[in-house]
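Take a look at the structure below.
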Amino acid sequence: MRTILLLTAALAASAQSIDWNKVNAEALHHLQAVVQIDSSNGNETRVVDYVKKVLDAEGIPSMIVSRDPTRANLIARIKGNGSKKPLLIMGHSDTVKVDAAKWGKFGPFSAALDGGYVYGRGVIDDKSDLFAALMTTVLLKRTGIKLDRDVIFVTESGEEGASNFGIGYLVAEHWNDINAEVCLAEAGGVTRRGGKTVYATIETTEKVPRGTRLVATGISGHGSRPLRTNSIVHLTRAVEKISMWDPPMRLNDTTRTYFEKLASISPPADAQYFRDLLDPAKSPAAREYLAVNEPTYYSMLHTSISPNIIQGGFQSNVIPSEAIATLDVRALPDEDMPAFYDLMRKVINDPTVQVVPTARGGGERPIPPPSSITSDAYRSVEAAFREVYGVPVLPLMQTGATDMAQVRAKGAQCYGVGPMVDEEDGPKGFSIHSDQERLLEEAVYKHLQLFWKAVTSIAASK
Ligand SMILES: [Zn+2]
């Protein structure tokens, strides 16, 4: 209890010296500036140059390191007394591509502020974490707050499919410069529904992309004489079987806690589905409901399979001897892939269709164990979310993949955070990776508060 009081007092003292109105204006300015830099096709070095200028002006040394000079990464460090191992804070500088014609009134690199939103590619993913980590680094330097551990700020390139330039390169060539016990990065966040904040999530683990193909072979021939052995016929039958299959459900600490907590804060009808998952008699029906109505939740239950590319044939009167389906397989972190592929073969039950593991390109991600949901760092991030937003906090297994995979694989406990977003923005097409992306202006300031509270709670001397 005494420690808690002292801690609160220390944080209050350091926060008093911060003029938050001024800092919020700076934070918004930096967010807009980095969104206005087009890094949708690489060119992250231009973002890094901006970030370096901001750090230089504060007297914070930084280093720029790269595998490709146009796709640079930046590393900066605020020193602590070394009694604890460092905290790494990250925000990636690249974004997914844009279809500029779909952006309506505000262009993808406008960073326009309108009606309480900032518009632009990357304004959430992931330039929100980038500006928040940058401002937190600046504030640590300005306040001179005493730290038990170094805080390392990294903005990395290539997160969206080219991590060999970014985190893959940093972990392989510069691990000593970013070696940390704890890290904060993207992929959690706060959900608002009908203008009311409902819950926050902290990402503690993620599914693992596993490149996979189905290759069907048959006898070729003249299209006027249909063959039951046609490779397209066998492939499409296999694709349908594997896509309608309900793979074995397996929860881990994160997903079990997630669904329990989700049940406790959901409307009764929804809550019942989450509770039914744990009842062997009711679970199949609940899973079928989620498969149709809540694909994200359904994907969290098991290793998932989505057929996303199909190829076969080259002329309408030729029966093709080969047809290929490219699957997006997302494995649970502890999946035994050879055993899972064997299960797939049993479901397909067709000797003419092979299940073939493939590389995905752009940098494979390792498969680390989930980060702890009972560590001091987790508790600190959880407390920071509660304090800033006043909502329940759920641990999250992300169905996508992030750069935390590489950092977790080096033994760090990584926690994914993120800003507040309106649930309604998803169906409206304003979410991450959509044709348009926007962030609540209020979320900019709250996200900086969250970052500041989490970082000082994990790293400041008590
Ligand atoms: Zn991202």
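The values are calculated or read from the model by the stated rules, or taken from the named source; none is laboratory data. All values reported here derive from a predicted model rather than from experimental measurement. Note: ideal-geometry Cβ built from the backbone for every residue, glycine included; neighbour counts use all protein chains shown. Each accessible area value is taken on the protein alone, full model and side chains, heavy atoms only, with ligands, DNA and RNA left out. Shrake-Rupley method; radii C 1.70, N 1.55, O 1.52, S 1.80 Å.
Rounded to the nearest 10 degrees, the inclination of helix 337-348 to the longest alpha-carbon principal axis of the chain is 40 degrees. Between the helical axis of 376-389 and the longest alpha-carbon principal axis of the chain there is an angle of about 80 degrees.
Accessible surface ranking for Lys52, Lys97, 1.4 angstrom probe, highest first: Lys97, Lys52.
Just so you know, the averaged projected area of the alpha carbon convex hull for the stretch 108-243 sits at 16.5 nm².
Return the calculated 222 nm mean residue ellipticity for the chain, to the nearest 500 deg cm²/dmol, obtained by summing -39500 (n - 2.57) across DSSP H runs with n ≥ 4 and dividing by the residue count. Don't skip to the answer; put the middle values down first.
Numbers: 15 runs with 176 residues, N = 462.
Mean residue ellipticity, 222 nm, calculated: -12000 deg cm²/dmol.
Scanning residues 5 or more positions from Thr212 or on other chains, those with amide H under 5 Å from its amide H are Leu327, Val329, Thr358, with H placed 1.01 Å from N in the peptide plane. Counting Lys and Arg as +1 and Asp and Glu as -1 over every other residue whose Cβ lies under 14 Å from the Cβ of Arg193, the net charge comes to -2.
The DSSP beta bridges internal to the chain are antiparallel in roughly 70% of cases. Taking one quarter of the surface of the C-alpha convex hull of the stretch 166-280 gives a mean projected area of 14.7 nm².
Calculated translational diffusion coefficient of the stretch 383-433 (10 °C, 1.306 mPa s; Stokes-Einstein with Kirkwood radius over alpha-carbon pairs) equals 118 µm²/s. Of the solvent-accessible surface of the stretch 16-161, computed with a 1.4 Å probe and all protein chains present, 51% belongs to carbon and sulfur.
Stokes-Einstein diffusion for the stretch 260-375, with the hydrodynamic radius set to the Kirkwood value over Cα pairs and evaluated at 10 °C in a medium of 1.306 mPa s, equals 90 µm²/s.
Report the chymotrypsin sites (Phe, Trp or Tyr not before Pro) located in the stretch 267-362 that are in a DSSP loop and have at most 10 other Cβ atoms inside 10 Å of their Cβ, or state none.
Sparse-neighbourhood loop chymotrypsin sites (Phe, Trp or Tyr not before Pro): Phe314.
Rg/Rh, computed from the Cα trace of the stretch 202-262 with Rh as the Kirkwood radius, has the value 1.27.
Calculated accessible area for the chain comes out at 43 Å² per residue, all protein chains present (probe 1.4 Å; ligands, DNA, RNA ignored). The percentage of C-alpha pairs in the stretch 54-111 whose separation is greater than 12 Å is 79%.
Mind grabbing the base-10 log of I(q)/I(0) for the stretch 55-149 at q = 0.13, 0.19 Å⁻¹? Debye formula, identical points on the C-alpha positions, no solvent, two decimal places. Treating every Cα as an identical point scatterer, log10 I(q)/I(0) equals -0.62, -1.02.
Scattering from the chain was approximated by placing one identical point on each alpha carbon and applying the Debye formula without solvent; log10 I(q)/I(0) at 0.06 1/Å stands at -0.29. Helix 20-35 axis versus longest C-alpha principal axis of the chain: approximately 40°, rounded to the nearest ten. The residues packed around Ser375, meaning those with a beta-carbon under 11 Å from its beta-carbon, carry a net charge of -2 if Lys and Arg are +1 and Asp and Glu are -1.
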